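Notes follow the structure.
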Amino acid sequence: SDENLPKIFEKKGTPMKRFPNLIIIGVKKGGTRALLEMIKLHPQVCSSGPEIHYFDRYYNKGIEWYRERMPLCYENELIMEKTPSYFVTSGVTEDIFQYSTERLNRTLKLLVIVRDPTRRAISDFTQTQGNEIGVFKRTFEELALKQSIDGEPYVNSQWGAIKIGVYSKHLKRWQRYFKPHEIHVVSGEHLIKQPYDEIKRVEKFLNLPSFIKREHFVYNKTKGFYCFDKQISQPNTNVNETDLRCLGSSKGRAHVFVSTKTETLLRDYFRPFNEELYQLIGRNFGWP
Ligand code: A3P
């Protein structure tokens, strides 16, 4: 299927299971699957489909177990995996740094995609607390808020879905180990609205030869999101021209209703951390 590709995209070496040198480390509900699918449009990226969870769950299985989980990849490809919990799991930063030093001679690249933390928490709740038919045992408010002695609600900063959204705190830990050319923060909102522009930034960060085109992204009115036209990457395959690849129904679903009052409490809580994040990366995401 790669016969028609320009010479610079030719694959080199023998296909074999190789250690990842590109990891999407987070964040859950930030748009990690969309990011992975978009990067995979590039012919020099080879990716595992499922999340591997080596550094946060299966570390004791050993490094060869990690390699075994990967597909067959060529020598000159970027080898990618994504496990969104890496970003927020204590100890993982140090272990990935050690892996990068010992296995990869510091050629590891990290991506983290973030999104308005209030929206992210609501998305997280919608996914983890609802059953198949959208019935919730508890409300978002019951988990996200606590009551002070005088009955005033305040944000439950101990709830996991809130903790994940304190991006600056997590990022500072990663920045102690990884240099700016090794870690890149992607805008989840931008990836939804202008996927081409956002993914071109990623392509540059990864030092990949420019390949991804505007035509790869086709807006799907029914889904309300962009879908991907793989036909452009693989001109000789028998993909039906009208058969665009969209993400599944669990991506881009309707959220539970949350009152303005609750949203405001969360937004006020996250604001200083958001400002700190903008400072750390030199980019303002303009979250309300
Ligand atoms: P919602 O379902 O809350 O809208 P993850 O893959 O990390 O779980 O992130 C899921 C989120 O990806 C979705 O959250 C959705 O907003 C976002 N997303 C970004 N681009 C998308 C796309 N092209 N199609 C579907 N969802 C997309």
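Would you mind getting me the FRET efficiency between residue 250 and residue 273? Use the beta-carbon distance for r and R0 = 35 Å, nearest 0.05.
0.80
Computed over the Cα atoms of region 1-113, what is the ratio Rg over Rh, Rh following Kirkwood?
On the Cα set of region 1-113, Rg over Rh gives 0.97.
Please report, for the Cα atoms of region 149-286, the Rg to one decimal and the Dmax as a whole number; what are they, in angstrom?
Using the Cα atoms of region 149-286, the pair Rg, Dmax is 19.4, 68 Å.
Net charge near residue 48, counting Lys/Arg +1 and Asp/Glu -1 over other residues with Cβ under 14 Å of its Cβ?
Here the charged neighbours net out to +2.
Report, in whole Å, the centroid distance computed from the Cα atoms of region 249-281 and region 175-205.
Answer, in whole Å: 20.
Just check region 139-210 against the gyration tensor rule for me: Cα atoms, a ≥ b ≥ c as the square roots of the eigenvalues, rounded for a/c under 1.5, and otherwise prolate or oblate depending on whether a/b exceeds b/c. Before the final figure, lay out the partial values.
Values: a/c = 5.18, a/b = 2.13, b/c = 2.43.
In terms of gyration-tensor shape, oblate.
Just order 220-229, 179-188 by mean Cβ neighbour count inside 10 Å, highest at the front, would you?
On the way: 220-229: 14.8, 179-188: 17.3.
The packing order, highest mean first, is 179-188, 220-229.
Please list 265-274, 27-36 highest first by mean number of surrounding beta-carbon atoms within 10 Å per residue.
Final packing ranking: 27-36, 265-274.
Please compute the modelled spin-label separation between residue 72 and residue 264, points set 7 Å along Cα→Cβ, answer in nm with one decimal.
Inter-label distance under the simple model: 6.1 nm.
Could you rank the peptides 11-19, 132-140 by their average count of other C-beta atoms within 10 Å per residue, with the highest value first?
On the way: 11-19: 13.2, 132-140: 10.8.
Ranked from most to least packed, the peptides come out as 11-19, 132-140.
How long is region 38-182 along each principal axis, judged by its Cα atoms, biggest number first, in Å?
For region 38-182, the Cα spread along each principal axis is 61, 38, 30 Å.
For the chain, give the percent of accessible area contributed by carbon and sulfur heavy atoms, probe 1.4 Å, rounded to a whole number.
On the chain, the fraction of accessible area on carbon and sulfur atoms equals 50 percent.
Over all directions, average the projected area of the Cα convex hull of the chain and note it in nm². The partial results should precede the final answer.
On the way: hull surface 67.9 nm².
Dividing the Cα hull surface by four gives the mean projection, 17.0 nm².
Calculate the spin-label point distance for residue 219 paired with residue 176, positioning each point 7 Å from the Cα along the beta-carbon direction, and give it in nanometres.
4.4
Give me the 1.4 Å probe accessible area per residue for region 151-215, excluding ligands and nucleic acids, in Å².
49
The values are calculated or read from the model by the stated rules, or taken from the named source; none is laboratory data. Note that the coordinates shown come from a computational prediction; the quantities given were computed from them, not determined experimentally. Using ideal geometry, Cβ is built from the backbone for each residue, glycine included, and neighbour counts are taken over all protein chains shown. Each accessible area value is taken on the protein alone, full model and side chains, heavy atoms only, with ligands, DNA and RNA left out. Shrake-Rupley method; radii C 1.70, N 1.55, O 1.52, S 1.80 Å.
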